[in-house]
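**Q** Here it is: the structure, laid out below.
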Amino acid sequence: MHVPVFDALRDADHPGLELRHLVDEELLARARREGREAVAGEVRELLARAAADGARAVLCTCSTIGAVAERTDAGVPVLRVDRPMAAAAVATGPRIVVLATVASTLEPTVALVEEEARRAGRPVDVRTVLVEDGWALFEAGDTDGCARAVAAAADAVADVDVIVLAQASMTPAGSLVTTPVPVLSSPRPGLAAAADAVRATGVAHSADATRPAAATRAVHAE
């Protein structure tokens, strides 16, 4: 489901940017069963393949394995889709709630928010909410039901400055919430960061006529 979402964002915000998608649902399934480090080797191979195929940047859209991807040296920038969202949350206020439908996403997302808070020199109080029925609905193909469940959970949150939707798949809930609290999702700012990385590498390699047209490889695992 992420492919048309990111293609639409590209068309709206970054016309001319070439996107190539790699979808591997087994990465998330295995990371949930065995832990994120269990897929580090596979992630490394996928990133190397993307770079060899001409990608100037790689955007990992799966929050569970984003940290594994980001720390991998692929010879091109590797970005996790949720980092710009985390930075925006820290800038919004100290009381932050992270919503997720997959339990394995909570710890890495909280760690990312706290990392961005340290970088900004801001204290934060991060709480988590697991929308337990959301992922089951998503896996069953009821994406609308998942969005409604996430929106209801967001609307029930109190005493908070900002709500973070930890997974890209939760983004549709943002249009359903009634809470006045800002609700942040990752696809748009994440893709913008990847587009910036492509432009930066394009400048660096402008004299290399052997490189292909600027491209971002999006790796999806949820």
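**Q** What are the DSSP H helices in the chain that stretch 20 Å or more along their long axis, judged by alpha-carbon atoms, and whose average Kyte-Doolittle hydropathy comes to at least -1.0?
**A** The qualifying helices are 103-120, 187-204.
**Q** Tally Lys/Arg at +1 and Asp/Glu at -1 over every other residue whose Cβ is under 13 Å from the Cβ of residue 142; what's the total?
**A** -2
**Q** If we count every other residue with Cβ under 15 angstrom of residue 163's Cβ, Lys/Arg +1 and Asp/Glu -1, where does the sum land?
**A** Its environment carries a net charge of -3.
**Q** Restricting to Cα atoms and excluding each atom paired with itself, what does the Kirkwood estimate give for the range 60-151 in Å?
**A** Taking the inverse mean of 1/r over all distinct Cα pairs, the range 60-151 comes out at 14.2 Å.
**Q** Using the 2.2 N^0.38 Å rule of thumb for compact globular proteins, work out how the range 1-127 stacks up: its C-alpha Rg over that value, please.
**A** The range 1-127 yields a ratio of 1.11.
**Q** At a 1.4 Å probe radius, which order do 105, 72 fall into by accessible area, largest first?
**A** Largest accessible area first, the list is 72, 105.
**Q** Something else now. Tally up the carbon and sulfur contribution to the accessible surface of the range 1-70 as a whole percent, 1.4 Å probe, everything protein left in place.
**A** Working: 1500 of 3120 Å².
That fraction is 48 percent.
**Q** Explain nothing, just the number: dipole magnitude of the chain about its Cα centre with +1 on each Lys and Arg Cβ and -1 on each Asp and Glu Cβ, in debye rounded to the nearest 20.
**A** Details: 22 positive and 31 negative charges, 130 e Å.
That gives the chain a dipole magnitude of about 620 debye.
**Q** Tell me, what is the per residue accessible area of the chain in Å², probe radius 1.4 Å?
**A** With all protein chains present, the chain gives 44 Å² per residue.
**Q** Another question, then. Looking only at the range 104-134, which residues have a backbone nitrogen under 18 Å from a spot 7 Å from the Cα of residue 159 in the C-beta direction?
**A** 124-130
**Q** Shifting gears a bit: Using the Cβ atoms and a cut-off under 14 Å, what net charge is assigned to the surroundings of residue 133, where Lys and Arg are +1 and Asp and Glu are -1? Each step should come with its number before you reach the end.
**A** Details: positive: 148; negative: 132, 139, 142, 144.
Taking every Cβ under 14 Å from that of residue 133, the sum is -3.
**Q** I'd like the accessible area for residue 112, computed on protein heavy atoms only with a 1.4 Å probe and all protein chains in place. Round to 10 Å², please.
**A** In the full protein context, residue 112 sits at about 0 Å².
**Q** Once Lys and Arg get +1 and Asp and Glu get -1 on their Cβ, which of 28, 60, 93 lies farthest toward the positive end of the dipole of the range 26-153?
**A** Of the candidates, 93 comes out farthest on the positive side.
The values are calculated or read from the model by the stated rules, or taken from the named source; none is laboratory data. All values reported here derive from a predicted model rather than from experimental measurement. Backbone-built Cβ (ideal geometry, glycine too); neighbour counts: all protein chains shown. Ligands, DNA and RNA are stripped out before the accessible areas are found, and what is left, the full protein with its side chains, is counted by its heavy atoms. Shrake-Rupley method; radii C 1.70, N 1.55, O 1.52, S 1.80 Å.
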